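For reference, the structure is listed below as structure tokens.
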Amino acid sequence: MKVNKTLLGLAVLSLFVTSSLTAKENEEVEVIDTIGKKNKNPLNIKGKGWQGQIGSDVQGHAIFSSYIFGTRASLINLKKYIDSGFNTIAKITARWAVDNTGNYANYVSKNSGINKNSVLVFEKEVMRKIMYYMSLWESKHNLLKEEFDEAFNML
């Protein structure tokens, strides 16, 4: 069998270039598998009986059928916090996660543009910002606008 060396060379070069591009794309996108991502639970909430909950992991984190249900449960928790006096980013993060609370509050505050000591109102756009950055901190989940909107509308 005769093989055209030019075509073979082009095929190998094409395969190399494709592999190189794929590797570069994968290097640029950091893929992190977190508890929150595995459980579709962006703020790593615990408990039982949540709408859309399909189980709990060994640490007690709720496992949800979709991010929408996980986001909805997180919003319910945030509303309870705000209504009971944990109504600033600093107070919420101090109660939400005992470890790294100063760094957590500073991260959410800086990125959301909301002062960590400002009294929060449970309003859609405020909660969207808070949830987005808490989700990135807690589980590295990039909370989508559509996920948030659907979850908020289910309240």
**Message:** Among the listed residues Ser84, Ser66, Ser135, Ser74, identify the single one that is among the hydroxyl-bearing types (Ser, Thr, Tyr) and farther than 21 Å from Thr34 by Cα.
**Reply:** Ser84
**Asked** So, in the stretch 78-115, of the ones that are among the charged types (D, E, K, R) and over 20 Å from the mean Cα position of the chain (by Cα), which residue ends up nearest to Asn41 (Cα to Cα)?
**Response** Lys80
**Message:** Return the residues of the stretch 97-147 that are assigned to a loop (DSSP other than H, G, I, E, B), of a type in the set (A, V, I, L, M) and under 20 Å from Lys79 (Cβ atoms); say none if nothing qualifies.
**Reply:** Ala97, Ile114, Val119, Leu120, Val121, Leu143
**Selection status of Lys40, touching a Ser or Thr at 6+ places or on another chain (Cβ under 8 Å) and either more than 19 Å from Met131 (Cβ to Cβ) or assigned to a helix (DSSP H, G or I) (or both)** = no
**Message:** Among the listed residues Ile54, Ile32, Ile45, identify the single one that is surrounded by 14 or more Cβ atoms within 10 Å (Cβ to Cβ) and either at pLDDT below 95 or of a type in the set (Val, Ile, Thr) (or both).
**Reply:** Ile45
**Message:** Can you list residue pairs whose Cβ atoms sit under 6 Å apart, with the first residue in the stretch 78-92 being within 19 Å of Asn111 (Cβ to Cβ) and the second being surrounded by 19 or more Cβ atoms within 10 Å (Cβ to Cβ) and of a type in the set (Lys, Arg)? Count only pairs 6 or more apart in sequence or on different chains.
**Reply:** Ile89/Lys116; Ala90/Lys116
**Complete:** When (1) modelled with pLDDT of 95 or more; (2) touching a Gly at 6+ places or on another chain (Cβ under 9 Å); (3) among the aliphatic types (A, V, I, L, M) are applied to Ala94, the one that fails is (1)
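Filter the stretch 130-143 down to the residues that are among the hydrophobic types (A, V, I, L, M, F, W, C) and within 15 Å of Asn41 (Cβ to Cβ) and list them by number. Walk me through how you get there before you give the answer.
If we filter the stretch 130-143 for residues that are among the hydrophobic types (A, V, I, L, M, F, W, C), which is where we start, we get 130-131, 134, 136-137, 143.
Of everything in the stretch 130-143, those that are among the hydrophobic types (A, V, I, L, M, F, W, C) and within 15 Å of Asn41 (Cβ to Cβ) turn out to be Met131, Met134, Leu136, Trp137, Leu143.
The values are calculated or read from the model by the stated rules, or taken from the named source; none is laboratory data. Keep in mind that this is a model prediction, so the values were computed, not measured. Quick reminder, even Gly has a Cβ in these numbers, built from the backbone with ideal geometry, and neighbours come from all protein chains shown.
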